[in-house]
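Novice: Pasting a structure below so you can have a look.
Values quoted throughout were computed directly from the atomic coordinates according to the rules given, and no laboratory measurement underlies them. A quick note: this is a predicted structure, and the numbers were derived from the prediction, not measured. Note that each Cβ is placed from the backbone with ideal geometry, even for glycine, and that neighbours are counted across all protein chains shown.
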Amino acid sequence: MAEREPVEAEYVPTHRDIDADPRFDSKLATKFINCLMLDGKKSVATRVFYDALDLIEKRLKEDPYHVFAVAMENAKPHIEVRSKRVGGATYQVPTPVNPKRRQALGIRWILEAVRGKKGRATSNSLADELIAAYKREGAAMTKRENVHRMAEANKAFSHFA
């Protein structure tokens, strides 16, 4: 496989800063774990996340954090459409996405795809989805492509922004 340049995942701070996770010393990983968490069960979410990264390491024989970071970058949208009312008509106006929202959407879409796959361990589904996003495939990437396609289709209304 071709050698890839190292990607440092971009963590966008929210209004409250969070501690970096102990294994990778990454705030992005902590944010992802927090979003993965259900009913306040952080230890369960942490175990699921690390199990998924262990599976990624076994399958791809690559640094699992690098795969996670690239998958997150790939899943983030650069542009989206927003509804804008002009006169009596509502237009879908393409607008750039700010970094905090880009990160939130990327995480949300990956987790939506994982939670949509029933009947399997969450760590397996998460590993599959992260590998798919790393390769620019999968449900999260499909969602991102649809958002970009909508923005491209409505480029004519960008002057309303």
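Novice: Go from 0 up to the bin containing the longest alpha carbon distance in the stretch 27-160, width 10 Å each, and give me the % of pairs per bin.
Specialist: 12, 39, 28, 14, 6, 1
Novice: Could you run the Karplus curve 6.51 cos²θ - 1.76 cosθ + 1.60 with θ = phi - 60° over the stretch 115-127 and give me ³J(HN,Hα) per residue in whole Hz, x for Gly and Pro?
Specialist: Along the stretch 115-127, the couplings run 6, x, 8, 8, x, 9, 5, 4, 5, 5, 5, 5, 4 Hz.
Novice: Still on this structure, please answer the following. Read phi for every residue in the stretch 47-53 and hand back ³J(HN,Hα) as whole Hz from Karplus 6.51 cos²θ - 1.76 cosθ + 1.60, θ = phi - 60°, with x for Gly and Pro.
Specialist: Those phi angles translate into 5, 4, 4, 5, 4, 4, 5 Hz.
Novice: Let me ask another. Between residue 124 and residue 25, what is the spin-label point distance in nm, taking each point 7 Å from the Cα along the Cα→C-beta axis?
Specialist: Distance between the two pseudo-spin positions: 3.5 nm.
Novice: Could you work out the local net charge near residue 39, counting Lys and Arg as +1, Asp and Glu as -1, over the other residues with Cβ closer than 15 Å to its Cβ?
Specialist: Every neighbour counted, the sum reads +4.
Novice: Separate question: Between residue 145 and residue 43, what is the FRET efficiency for a Förster distance of 30 Å, r being their Cβ-Cβ separation, to the nearest 0.05?
Specialist: Values: r = 35 Å, r/R0 = 1.17.
Taking R0 as 30 Å, the efficiency between residue 145 and residue 43 is 0.30.
Novice: Taking the Cβ of residue 146 as the centre, find all other residues whose Cβ is under 12 Å away and add up their charges (Lys, Arg: +1; Asp, Glu: -1). Let's see the in-between values first.
Specialist: Details: positive: 143, 144, 149; negative: 80, 145, 152.
Combined, the nearby Lys, Arg, Asp and Glu give 0.
Novice: Dipole of the chain (Lys/Arg Cβ +1, Asp/Glu Cβ -1, origin at the Cα centre): which of 124, 67, 83 lies farthest to the positive side?
Specialist: Among 124, 67, 83, the one farthest towards the positive end of the dipole of the chain is 83.
Novice: What residues have an amide H closer than 5 Å to that of residue 79, excluding those fewer than 5 places away on the same chain, when H is modeled at 1.01 Å from N in the peptide plane?
Specialist: 97
Novice: Once phi is turned into ³J(HN,Hα) by the Karplus curve 6.51 cos²θ - 1.76 cosθ + 1.60 with θ = phi - 60°, what whole-Hz value does each residue of the stretch 133-145 show in order, with x for glycine and proline?
Specialist: Along the stretch 133-145, the couplings run 5, 4, 8, 6, 10, x, 5, 5, 6, 4, 4, 4, 5 Hz.
Novice: Now a separate question. When 137, 73 are ordered from fewest to most other Cβ atoms inside 10 Å of their Cβ, what list results?
Specialist: Lowest count first: 137, 73.
Novice: Net charge near residue 101: determine it from the other residues with C-beta under 12 Å of the C-beta of residue 101, scoring Lys and Arg +1 and Asp and Glu -1. Show your work: numbers first, answer last.
Specialist: On the way: positive: 76, 82, 100, 102, 108; negative: 80.
Net of charged neighbours comes to +4.
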